[in-house]
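Visitor: Once you've had a glance at the structure underneath, I'll fire off some questions.
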Amino acid sequence: MQIFKYERGKEDTVLNKAWWKEAVVYQIYPRSFMDSNGDGIGDLNGITEKLEYLKELGIDVIWLSPVYQSPNDDNGYDISDYQAIMEEFGTMEDYDRMLARAHELGIKIMMDLVVNHTSDEHAWFVESRKSVDNPYRDFYIWRKGKDGKEPNNWGSCFSGSAWKYDPQTDMYFLHLFSKKQPDLNWDNPKVRDRVFEMMNWWCEKGIDGFRMDVISLISKPEGLPDGIPGETGYADSGCANGPHVHEYLKEMNRKVLSHYDLITVGEASGVTLEEAKKYANADGSELNMVFQFEHTGGGPEADNHYGKWDSHKMPLPVWKKILSRWQTGLEGKAWNSLFLSNHDQPRSVAWFGNDSEQYREISAKMLGTCLHMMQGTPYVYQGEELGMTNIYFDKLEDYRDIESINYFKEFTESGLMTPEHMMKCLMLRSRDNARTPMQWDDTASAGFTTGTPWIKVGPDYETVNAKNEMADPDSVYNYYKKLIHLRKEKDIMVYGTYELLDPEDEALYVYTRTLGDQKLLVMCNFTKEEQEYTVPETFAGADVLISNYPQSGAAAGARKLRAYEAVVLETK
Ligand code: GLC
Ligand code: CA
C-alpha cells in the first residue's frame, strides 16, 4: 500500500491511499445476468460475453454472487461444494476463462464467501448428521430439544424457528437462514482451518477479493440464550457481532487475507459504528470495509414487528443523519462501502427515488450522484446503471425467492396480514424485485435468454435496456459512466472529507467534500417539487462538475432545484 501525504483543510492528516478505495465495484447476480445456452438461467459464459460491456462502463471490480455448487434452495447462498461450480452456471474451465478474460480487461473478481452456513447437502453436513461421534459432528451446531421443543426461541431470517429436528440422532441443528442452510460452528478450530484452506485455494487461483456473506453472524453468543420474542413468537438470535467475531476475522486475516492484495467487504447486518471501526479498521487487521444496512430500513414509524415487511419510508432528515454518521464516524479510522441496492433489496430507484415514467431517469441519476459523491467505495448492482425498476408481481406464483414465499405463507396463514396487504409488501420489498433478468436489448426476454427465463422479465424492457441506453447520451447508463469516470480523475471524490449542510431540510440533501483547498458542493433534490436553495459564497464562480439537468448561469446565490435535480459544484 502506498502512503501519500495530504494537506487537508486545517488539519494535516495522512491518508492511506489504496486501490480498493478508488475502485468502483459492480455486483453480478449470475442467475439473472446473461444466459449463453438458452436454458433460461444466467451462466459464466454469459458473464464472459458481457465483460466488455462492464469495461466500457468503467467499473474496476466485479462482486460475483455465488457460483459454487449448490442445490439452490437460496439461489446459491446454500453451498454444497466450495471448490466446484454450479452445474447450471457452467464448469471450472468456464470460470477460469472468465477470470482470465476479466484480468485481461483489467477487471478484478471478488468472490462471494458464504461461510456462516453451508448447504445441508455439503459433505461436511452429510457426515455431521450421521451420528453424535462422527468426526464432523462439531462442524455444525447441534443441541438437544428443551421440553420437547426447539432448544431456544430464535427465529430464522427466512421465517419460522431457527432449529430443525433431525430424527437420526434425536437432536436439532441451528439454521439462521433456511432449513437447508445449517450454520457452521466457528468455535471449532477445524472449521476455521477448512474455511481458510478453501479461501487460500481460491486466492492461489488468482481471485482478487471476497464479499463475506453475513459475516457478522459467525460467532454465536455463549450458551445460545433465548431472546425477546416478537409478534411471530420468535426472537432475534442476537448473533450479530458475537463474542469472538473479531478474533476469528483477525485469524482469517493472518492466515489468508494478509498474504494477498485483496478487496474485502463484510456483509454486516446489525453492525454499529463502533463495531464497524473494528471490522474495517484502517490498521488492516480484519477487512477493508463492511456493508451496513441502517439506511435501507423503514422509517422511525416502521412497524418493527414485521421486520422489513413494512411500507413506511424514512423521512429524508433521518436518512441523511444515518449516512452522515457513517461518513464522519469512519473518517480516517475505517472505510465505508456505498450502496443503495443489491440482490436482497428492492430496486433503488423504486425505494429511494421515483420509478414513474416521468421521473425514473432523472431520479435514478440523482441517486447515483448522491451516492457516488460520498466517501467510500461505491457498489453498482446490475441494472442499477440502467435505472431498472421493481417488478411489481401481483401473483405469488411469479415469485421465486424463498424469503418472500416463506413470509407470505407465515404471515397470511397466521392471520398477521391479509394476502392483499402482504402482496403489496412484496411489491415494495421482495428480493425478487432486483433479481429479474438484466435488460440487454428490446428483443424477446430482453436479450437475456433465447429460452424461457427462470423468472419473468420486467415489462419495460423495450425501453429500459442497455442497448438503447448506450446509444442515448442522456441515459442513466451514460450518466453512471460519467460518475464512474469522474472518480478516476478526482481524488477529492475518493478522499475528500464530508460535511452535511442543512441537516433538517426535508427535501434537499446537500453536502460538501473537502480536500486541501479544493471543495465540492453536492446538491440533490429528493422530491418532485421545485426547491429553493442558497448556494454558499465559497462556491461563487465554481464550475459544474456534473448534473442531471442542463445548467447555466452563476453558481452562487439563490437558485431553484428542479424535480430530482442533482448538481455538483467544484471550486476552481
Ligand atoms: C445474505 C445474502 C442473502 C442470503 C443470506 C443467506 O444476506 O445476501 O442473499 O439469502 O445471506 O446466505
Ligand atoms: Ca444458461
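Visitor: Name the residue from Ser363, Leu176, Leu508 whose Cα lies farthest towards the positive end of the charge dipole of the chain, charges +1 on Cβ of Lys and Arg and -1 on Cβ of Asp and Glu.
Guide: Result: Leu508.
Visitor: Could you run the Karplus curve 6.51 cos²θ - 1.76 cosθ + 1.60 with θ = phi - 60° over the range 205-221 and give me ³J(HN,Hα) per residue in whole Hz, x for Gly and Pro?
Guide: Along the range 205-221, the couplings run 5, x, 6, 10, x, 9, 9, 9, 4, 5, 5, 5, 9, 5, 9, 8, x Hz.
Visitor: Here's a follow-up. Sort Thr463, Thr436 by Cβ crowding within 10 Å, fewest neighbours at the top.
Guide: Thr463, Thr436
Visitor: Only four residue types carry charge here, +1 at the Cβ of Lys and Arg and -1 at the Cβ of Asp and Glu. Report the dipole size of the range 68-172 about the Cα centre in Debye, rounded to the nearest 20.
Guide: Approximately 480 debye in magnitude.
Visitor: Rounding to the nearest 20 debye, state how big the charge dipole of the range 307-400 is about its Cα centre with +1 on each Lys and Arg Cβ and -1 on each Asp and Glu Cβ.
Guide: Computed about the Cα centre, the dipole is about 480 debye.
Visitor: Rounded to whole Å and sorted largest first, list the principal axis extents of the Cα atoms in the range 473-561.
Guide: That works out to 33, 31, 25 Å along the principal axes.
Visitor: Between the alpha-carbon centers of the range 66-88 and the range 128-165, tell me the distance in whole angstrom.
Guide: Using only Cα atoms to place each centre, the spacing works out to 23 Å.
Visitor: Still on this model: Which loop GluC sites (Glu not before Pro) in the range 168-239, with loop taken from DSSP, have no more than 12 other Cβ atoms within 10 angstrom of their Cβ?
Guide: Sparse-neighbourhood loop GluC sites (Glu not before Pro): Glu222.
Visitor: Please compute the net charge surrounding Asn468, taking Lys and Arg as +1 and Asp and Glu as -1 over other residues with Cβ under 10 Å from its Cβ.
Guide: -4
Visitor: Still on this structure, please answer the following. So how far, in whole Å, is the C-alpha centre of the range 330-388 from the one of the range 173-211?
Guide: Cα centres, the range 330-388 to the range 173-211: 30 Å.
Visitor: Mean separation of Cα pairs under 8 Å and 6+ residues apart, divided by the residue count of the chain: what relative contact order is that in percent?
Guide: 13
Visitor: For the chain, give me the percentage of DSSP beta bridges that are antiparallel, rounded to the nearest 5 percent.
Guide: 65
Visitor: Still on this structure: Taking the Cα centre of the chain as origin and charging only Cβ (+1 Lys, Arg; -1 Asp, Glu), how large is the dipole, in debye to the nearest 20?
Guide: 1040
Visitor: Using only the Cα atoms of the range 428-510, build the gyration tensor, take square roots of its eigenvalues as a ≥ b ≥ c, and label the shape rounded, prolate or oblate: rounded if a/c is under 1.5, else prolate if a/b is larger than b/c, else oblate.
Guide: Because a/c hits 1.5 or more and a/b exceeds b/c, the range 428-510 counts as prolate.
Visitor: Among the trypsin sites (Lys or Arg not before Pro) within the range 316-367, which fall in a DSSP loop and have no more than 12 other Cβ atoms within 10 Å of their own Cβ?
Guide: Answer in residue order: no site qualifies.
Visitor: When only Cα pairs under 8 Å and 6 or more residues apart are kept, what is the percent relative contact order across the range 108-176?
Guide: Result for the range 108-176 is 25 percent.
Visitor: Against the globular-protein guess of 2.2 N^0.38 Å, express the Cα radius of gyration of the chain as a ratio, rounded to two decimals.
Guide: Here the answer is 0.96, to two decimals.
Visitor: Once you list every other residue whose beta carbon is under 12 Å from the beta carbon of Cys203, what net charge do they have if Lys and Arg are +1 and Asp and Glu are -1?
Guide: That sum, taken over residues with Cβ under 12 Å, equals -2.
Visitor: Projecting each Cα onto the charge dipole of the range 315-412 (Lys/Arg +1, Asp/Glu -1 at the beta carbon, about the Cα centre), which of Ser348, His372, Ile391 comes out farthest on the positive side?
Guide: His372
Visitor: Given the -39500 (n - 2.57) contribution per DSSP H run of 4+ residues, what per-residue ellipticity at 222 nm results for the chain, rounded to the nearest 500 deg cm²/dmol?
Guide: Counting only the DSSP helices, I get -7500 deg cm²/dmol.
Visitor: Tell me the trypsin sites (Lys or Arg not before Pro) within the range 389-463 that lie in a loop according to DSSP and have at most 11 other beta-carbon atoms within 10 Å.
Guide: Sites meeting the loop and neighbour criteria: Lys395.
Visitor: Among Gly266, Gly148, Ala18, which residue has its Cα furthest toward the positive end of the charge dipole of the chain, with +1 on Lys/Arg Cβ and -1 on Asp/Glu Cβ?
Guide: Ala18
None of the figures in this text is laboratory data; all of them are computed from the coordinates on show. Because the structure is predicted, anything quoted here is derived from the model rather than measured. In this analysis, Cβ positions are derived from the backbone assuming ideal geometry, glycine residues included, and neighbour counts consider all displayed protein chains.
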